[in-house]
Amino acid sequence: MKDLQSNEYVPYQMNYIKLVSEQNIVKGLIDQKEEMIHFFKSIPVFKQEYSYEAGKWTIKDLLLHLIDAERIFAYRALRIVRNDSTALPGFDENEYVLVANANEREFENLLKEYCVVRDATISLFENFSATDLLKLGTASGASVSVRGIGYCVLGHELHHKQIIIERYL
């Protein structure tokens with residue numbers, strides 16, 4: 001496994017990280033972008049605002065959640081790489097989804113935003129050195145590394161893809 005140490009990720013994130021088989025974060029981000037675009041475009045229109053149970057997110061909500069989370073993870077990586085030692089807080093994804101109004105947006109618009117955010121994340125990680133990837137900071141009350149964050153971005157998306165497949169399609 002990616003030789004991550006336990007001080008490189010928030011403990012619950014190991015559930016995401018263990019889903020990642022690609023060792024190279026940038027390659028993973030690039031490959032996953034194409035895979036996820038294809039995956040989301042294959043979802044029938046009538047399923048885009050479907051939730052499998054009352055109070056659960058729709059596929060549009062999930063897509064915007066992935067976008068929001070990736071922005072936050074990338075921001076954390078940037079802060080740590082730039083030697084900002086400020087402890088970074090967690091975020092309540094449920095509160096974000098409540099006010100994001102994903103279901104009022106066109107699916108293609110969400111996909112476009114996903115691509116823009118992923119391209120920005122790719123650009124960010126492409127410019128990190130091997131030393132940068134090992135830098136540690138604090139996020140969500142735990143020690144994290146920049147590479148741990150990168151693997152978390154990849155694994156978080158794989159986790160939600162599995163949920164969509166199992167519960168929505």
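Points to keep in mind about this one:
- Ile43 being farther than 22 Å from Arg167 by Cα, of a type in the set (A, V, I, L, M), surrounded by 15 or more Cβ atoms within 10 Å (Cβ to Cβ) and modelled with pLDDT of 95 or more: no
- Scope region 1-17; condition farther than 16 Å from Pro89 by Cα, within 14 Å of the chain's Cα centre (by Cα) and of a type outside the set (Phe, Trp, Tyr); matching residues: Met14, Asn15, Ile17
- Residue check, Tyr151 surrounded by 20 or more Cβ atoms within 10 Å (Cβ to Cβ), closer than 20 Å to Asn24 by Cα, of a type in the set (Ser, Thr, Tyr) and touching a residue at least 12 places away in the same chain (Cβ under 8 Å): yes
- Just one of the listed residues (Leu64, Leu78) is in contact with a helix residue (DSSP H, G or I) (Cβ under 7 Å, 6 or more places away or on another chain), modelled with pLDDT of 95 or more and closer than 18 Å to Ile25 by Cα, and it is Leu78.
- Residue list for region 1-40, filter: in a loop (DSSP other than H, G, I, E, B), among the charged types (D, E, K, R) and open to solvent by less than 40 Å² (accessible area, probe 1.4 Å): Lys2
- Matching option when the condition is under 30 Å from Gln48 (Cα atoms), more than 13 Å from the chain's Cα centre (by Cα) and at pLDDT 95 or above, among Val146, Val99: Val99
- One residue from Arg71, Arg79 being over 14 Å from the mean Cα position of the chain (by Cα), in a helix (DSSP H, G or I), closer than 29 Å to Leu134 by Cα and among the charged types (D, E, K, R): Arg79
- Complete set of residues in region 97-108 that are open to solvent by less than 70 Å² (accessible area, probe 1.4 Å) and either on the phi > 0 side of the Ramachandran plot or in a helix (DSSP H, G or I) (or both): Val97, Ala100, Ala102, Asn103, Phe107
- Where a residue in region 14-32 is small (Gly, Ala, Ser) and its partner, wherever it lies, is crowded, with 16+ Cβ neighbours inside 10 Å, with Cβ under 6 Å and at least six apart: Gly28/Leu154
- Looking across region 85-96, the residues that are open to solvent by 90 Å² or more (accessible area, probe 1.4 Å) and not in a loop (DSSP other than H, G, I, E, B) come down to Glu95, Tyr96.
- Thr138 being out of contact with any helix residue (DSSP H, G or I) (no Cβ under 7 Å at 6 or more places or on another chain) and assigned to a strand (DSSP E or B): yes
The values are calculated or read from the model by the stated rules, or taken from the named source; none is laboratory data. Keep in mind the model is a prediction, meaning the values are calculated, not measured. Note that each Cβ is placed from the backbone with ideal geometry, even for glycine, and that neighbours are counted across all protein chains shown. SASA here: full protein model, heavy atoms, side chains in, ligands and nucleic acids out. Shrake-Rupley method; radii C 1.70, N 1.55, O 1.52, S 1.80 Å.
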